[in-house]
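The values are calculated or read from the model by the stated rules, or taken from the named source; none is laboratory data. Only a predicted model underlies this, so the values are computations on that prediction, with no experimental measurement involved. Cβ atoms come from the backbone with ideal geometry, glycine included; neighbour counts cover every protein chain shown. Accessible surface areas use protein heavy atoms only, side chains included; no ligands, DNA or RNA. Shrake-Rupley method; radii C 1.70, N 1.55, O 1.52, S 1.80 Å.
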Amino acid sequence: MSTVSEFTFSNFVKSVLWLLFWILIIVSLIALPIIFIVLFYVPPPVINGVEINPYLLLTMLTNPQVGAPLIRPTLESLFFRIAVFPGFTFAALFATVLIFAERKTLAKMQLRVGPYHAGREAFWWANSLGGFLQLIADLLKLLGKEIIVPSGADKPIFWAAPAVLVIAAAGLIALIPVAPGWVIADIDVSLLAVFALLGFFPLTVLLASYASNSKYPFIGGLRALYQLISYEIPLILAVLPIVILASTLSLTGIVEAQYSYWFILLVPIGAFVFFVTALAELERIPFDLPEAESEIVAGWLTEYSGMAYGLIQLANYIKMYALSALFTTLFLGGWIGPEFLPSIEVFNVQVLSSGEVSSIFWFTIKTFGVALFMIIVRGTNPRVKIDVLLRVGWSKLIALSFINVFIAVALLYLGVVGVGH
Amino acid sequence: MLRELLSPKRESSRGALDGERPANFNILVGKLSEVLVKAIDKPLGYAINWGRLWSLWPVHLETACCSLEFGAASGPRYDVERFGIIEAFGSLRQCDLMVIQGTVTRKMAPRVRMIYDQMPEPKYVIAMGACAITGGLYFDSYNVLPGIDGVIPVDVYVPGCPPRPETLIQGCILLQEKIKRTRFR
Amino acid sequence: MGLEIDRERIPGFDVEGKDADGMDKGILTLSVGPQHPGSGHFRLIVKVDGDIIVEALPDPGYVHRGEEKMCEYRNYIQNIPHLERPMIADSCGILYPYVLAVEEICNIPVPERAKYIRVIMAELNRCIFELYWLGIYGIFLGHSTMFMWPMADRELLIDLAEMASGARVTHAYFVPGGVRNDVPDAFPEKAKRHLLYFRNRLKEYKDIFYDNPLFQARTVGVGILRREDAINLGATGPVLRASGVEHDIRKVEPYDVYDELDFKVITMNEGDSFARAYVPWLEMYESVEIALQALERMPSGPVRTKLGPNPKGAVGEVFKRVEAARGELAYYLVSDGNPKPYRVKLSVPSFREIPVMAHLLKGAKLADMPSIYWSMNYWPVEADR
Amino acid sequence: MSQQGQGQASTDQLTVEKEIVDRVIARFGDKVKLAYVKPRRIRFNVSKDIILEFARYARDELGFDHPISVAGVDYPKNKLIDVVYHIGSCTNDKFRSSVLVFAVQLDRDDPVMPTLIPIYRGVEYHERETFEMLGVIFDGHPRLERLLLPEDWADIPPLRKDFHTKGREE
């Protein structure tokens, strides 16, 4: 029964080696026969006209050159795009880096060090990472934490809400192009689809708070409902001039329309309104009313513990990445930037062209910059009140959005930019 | 965790005298499942235990004046966030660490117990300050408990009146040592 | 809002909360504290109708340690350490009137140098408290940087206090008959350096925190305390002065050497949360001024009158008050001629703010609760004693 | 206490205290008893029948409008409980530095007196504290219930002299 007598790094390595040994045994004795039996009935996948069978995979182990022409088709396959890049894994990694960047940036702004020592007793190189292991520790801790479901809670909704939030946030990133052609779902009305997906959040938050069967989550949920719904209108209105100027609803088209000017130069008011409303959509300071600590404990998150809480935080940061990426796409010209990085080649077969590498680089840098800006806003501002929030949202931001629309229309009629330009 | 899930009756199956199941019932399957569970559980257990070391989120509970030094410990000079302890967390459902910051009065004690019960497992308690340990200066007061350990189990005692923030950090490191030596549940 | 609320399922919907037409108003009772990020060791039972607070009932007593009863079992000197524990952020401030009262009732003279050192330490402690208070105000408003910056500067002043007394926060430095020990020789120079740095730093607080439009949106016009209410409810300290009453014990009834020092009494007429947060900031300037002046004029000489082992008080009573960081702090000390006091009553500013808080919270918005609550200078440990 | 400051203050301040005493005596005559006049402190012992009238006079006519403290003192030898009000002044500049002390001496076995909340709203919590610490009952107080002590407190009020904490019995 006793698994852990004393935690040391050597014990950990021993246990990992033990695991590897047993995995090898199990793979060779059970998994391989199963694979071969399955392959007997199911045809292997075909990429670029080459059948991917186990023999080829084994050949690749000894002679990697064989696999080189297959890399590019793999990257272009739908599964890779959804699962890895620019899909979920990339977004989750980006979110992790954002959490770390947030903690460190805030610490620097506050004359502190921030997370630093995590893991130093086990890994001698831990301190050189500047505390990045802190995030892994937090994740592992949340994995092993008890999840308390309050008595009287609406259990299916209570359990489903974190998952729904993650899925909705991940749905957003499917629509955002990171480089020419690098988008999971390149549909003509992707901007509309983004707003449709954003509509999921208020409902889910309200349901989650209601399902918690507790007072503070309920108030937090109502606040979230107010806030998210009333800020979606200026969010949409702020984007309207871009649709007018680019005359398309496709995000790829919008980026391509910005090769001469970034839209932030033409409609700066729209960019401002979009940034503010994005902060409100993300429930970040100064708009973190649904989670206002000093008023309603943790708002609608109050009853969530363990990994359910971790999933909600993950969803929040993926959403933060998605909205920063959306800001980049709409106002900062998306992937547009000078091509200066070399192409990536494996065994003389080009995997990513120079343009693609540069595009991904520029997109990532811009998105990270926008997210960093959101973090800096958090470090310098207190929380606003609900009435101020609603007043600003309904009167000022909507008015600004309309002014913005007029500017766009004027630009269009004066012939400065637009369809025929 | 996973082990109990996959083989919940393992203890009773070992006792052949129970008559429920013979000891050698399907020994191959039993061994295999044990190996499978151990193979996943052991490294995962180590990893999760390691995560607990470095991610102690304290609950926002102040009982008396030591909270001042607790606040100073999360300030820039001492900055407990270096050790993964973030200051004053919102909801107690997401917390692992309970720092009893000073005197516990008779009015507060039932609340402390209630808060402790509401926290999710695993949870750790640091008794900070002389009052939380023995009653301290208030040993003869009519309204003060002589130490918190009659109410909730305490992992680490941090003496001082109030303890300096360095002492509190040392207490947290002692708690990490303790978690290292505990068996993963 | 059109949403059907299942009142059976949400605990706390007050079934009796009906208006004149017999309609259910849906009053929600929230228990803010004792475990709540916005309460501290204190509970507010808040009844909200929508977002408006209908009634706020303060429920103190979670840190009631019976200081006043304990005083009756200890002699005058033994009482010093436990009497400063209620307010260790301002431990000189809370001990000051006790020491003055014991000196009067036991008729102990005080050397001149000790008076200056006391004033310096009292003003340092005032700044130390105000900085901590400002930091927590930042946390209450969701501004974490506003917590960290004052905390960082506070450590500098704590260094000074530690240099003089040997302890970070619980100095036990004032004793009847002077101060416990003389300050080190390097103290005046270091104190000047730190105080001048601190005064420059205060300007940045205004730029970053007070001038922030969102901070002002949270505080300006929130929880307005009228002048008459402030006086009648017994408000004190910055709360009273923010309502336009020029009342400062240091001016009204100067103790030690305050009448020889030059400083202003800060008042503001708005009486809202912003004024209550701004007055302490202005007062920190004055505190630095007082401390610098006292450092200049500090004479040399002894710092403590030798006492007998067990000083006895004369039969009678004294009532001593000083201006602590949070306001007027008074001790009512009754002596029956024994070495132990017959009765010690602490009249602490935090306790006097409780009715003010209940008065201001009634009718306020729930979102204004942290801003009003913490602008009261309320410190639960001190209020409960 | 600072002898110089106190000495200077007493010479020019005691006239103010005399004036307060004269005005109170002129108004109430024998009904109030002057306990002492010290620099900046004047104490009267007032019977509970005229306490409301006295307090109203002190607030409206003399300008003592700022409640500082309400303290109860138990005197088991005299069978008395003193409830001592300390009232300062914020509006009357002349009396600003003085503290008017008035005490109500109650029977220790039946300590009942009218509440002063109608005159000084600030004494609400002080009186509640005096109630639970000494068992003084304030007539007309809106919420005379537990304040600082735990809800299950079942002993005599702790600040009475016959209450002893454990290990301190004499």
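Here are the numbers for the structure shown:
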item	result
So residue A:112, is it crowded, with 16+ Cβ neighbours inside 10 Å and away from chain C (no Cβ under 14 Å)	no
Lone qualifier among D:100, D:106, D:62 - being out of contact with any Asp or Glu (no Cβ under 7 Å at 6 or more places or on another chain) and farther than 17 Å from residue D:41 by Cβ	D:106
Pick from the stretch C:292-329, criterion assigned to a loop (DSSP other than H, G, I, E, B) and under 22 Å from the mean Cα position of the chain (by Cα), ranking: nearest to residue C:113 (Cα to Cα)	C:325
Selection count, the stretch C:248-294, where residues are within 12 Å of chain D (Cβ to nearest Cβ) and either free of Cβ contacts under 8 Å to residues at least 24 places away in the same chain or within 18 Å of residue C:215 (Cβ to Cβ) (or both)	4
Unmet requirement for residue A:93, which otherwise passes all of (1) among the hydrophobic types (A, V, I, L, M, F, W, C); (2) within 34 Å of the chain's Cα centre (by Cα); (3) open to solvent by less than 80 Å² (accessible area, probe 1.4 Å)	(3)
Positions within the stretch A:291-343 being under 17 Å from the mean Cα position of the chain (by Cα) and of a type in the set (A, V, I, L, M), in sequence order	A:311, A:312, A:314, A:315, A:318, A:320, A:322, A:323, A:325, A:326, A:330
Qualifying positions in the stretch A:163-176 - crowded, with 22+ Cβ neighbours inside 10 Å and under 24 Å from residue A:303 (Cβ atoms)	A:165, A:169
One residue from C:191, C:186, C:235, C:230 being open to solvent by 30 Å² or more (accessible area, probe 1.4 Å) and not charged (D, E, K, R)	C:186
Identity of the residue in the stretch A:271-310, in a loop (DSSP other than H, G, I, E, B) and more than 11 Å from chain C (Cβ to nearest Cβ), that ends up surrounded by the most Cβ atoms within 10 Å (Cβ to Cβ)	A:304
Subset of the stretch C:52-65 [farther than 30 Å from residue B:145 by Cβ and surrounded by fewer than 17 Cβ atoms within 10 Å (Cβ to Cβ)]	C:52, C:55
Subset of the stretch C:350-375 [in contact with a helix residue (DSSP H, G or I) (Cβ under 7 Å, 6 or more places away or on another chain) and away from chain A (no Cβ under 14 Å)]	C:350, C:351, C:352, C:353, C:354, C:355, C:356, C:357, C:359, C:360
Residues located in the stretch B:103-142, provided they are facing another protein chain (nearest Cβ under 8 Å), outside any helix (DSSP H, G or I) and touching a residue at least 24 places away in the same chain (Cβ under 8 Å)	B:103, B:105, B:106, B:107, B:108, B:120, B:121, B:122
Elements of type helices (runs of 4 or more DSSP H) in the stretch C:332-385, at least 1 residues being modelled with pLDDT of 85 or more and touching a strand residue (DSSP E or B) at 6+ places or on another chain (Cβ under 6 Å)	C:349-361
Within the stretch B:162-185, tally of residues that are part of a loop (DSSP other than H, G, I, E, B), in contact with a helix residue (DSSP H, G or I) (Cβ under 8 Å, 6 or more places away or on another chain) and at pLDDT below 85	2
Qualifying helices (runs of 4 or more DSSP H) (wholly inside the stretch A:46-124; at least 2 residues being out of contact with any Cys (no Cβ under 7 Å at 6 or more places or on another chain), closer than 30 Å to residue A:36 by Cβ and touching a residue at least 12 places away in the same chain (Cβ under 8 Å))	A:68-76, A:78-83
Tally of residues being away from chain D (no Cβ under 11 Å), surrounded by 21 or more Cβ atoms within 10 Å (Cβ to Cβ) and not hydroxyl-bearing (Ser, Thr, Tyr) across the stretch C:323-340	4
Output for the stretch B:72-90, where each listed residue is modelled with pLDDT of 80 or more and within 7 Å of another protein chain (Cβ to nearest Cβ)	B:72, B:75, B:76, B:77, B:79, B:81, B:82, B:83, B:84
Test result for residue B:161, within 14 Å of chain A (Cβ to nearest Cβ) and either surrounded by fewer than 22 Cβ atoms within 10 Å (Cβ to Cβ) or among the hydrophobic types (A, V, I, L, M, F, W, C) (or both)	no
Residue match in the stretch A:172-185 (condition: at the interface with chain B (Cβ under 10 Å from one of its Cβ atoms) and assigned to a loop (DSSP other than H, G, I, E, B))	no
Only listed residue being in the same structural domain as residue A:217 (by TED's automatic domain parsing) and either open to solvent by 40 Å² or more (accessible area, probe 1.4 Å) or on the phi > 0 side of the Ramachandran plot (or both), chosen from A:254, A:344	A:344
Tally of residues being under 26 Å from residue C:111 (Cβ atoms), outside any loop (DSSP other than H, G, I, E, B) and either in contact with a strand residue (DSSP E or B) (Cβ under 6 Å, 6 or more places away or on another chain) or open to solvent by 30 Å² or more (accessible area, probe 1.4 Å) (or both) across the stretch C:251-291	4
Scan of the stretch C:236-250 for residues that are in a loop (DSSP other than H, G, I, E, B) and within 12 Å of the chain's Cα centre (by Cα), ordered by number	C:236, C:237
The stretch A:115-131, residues that are hydrophobic (A, V, I, L, M, F, W, C), more than 7 Å from chain B (Cβ to nearest Cβ) and surrounded by 18 or more Cβ atoms within 10 Å (Cβ to Cβ)	A:126
Filtered residues of the stretch D:24-49 (kept if touching a helix residue (DSSP H, G or I) at 6+ places or on another chain (Cβ under 9 Å) and open to solvent by 20 Å² or more (accessible area, probe 1.4 Å))	D:27, D:31, D:34, D:37, D:38, D:39, D:40, D:47, D:49
Scope the stretch C:49-77; condition outside any loop (DSSP other than H, G, I, E, B) and either within 19 Å of the chain's Cα centre (by Cα) or closer than 21 Å to residue C:332 by Cβ (or both); matching residues	C:58, C:59, C:67, C:68, C:69, C:70, C:71
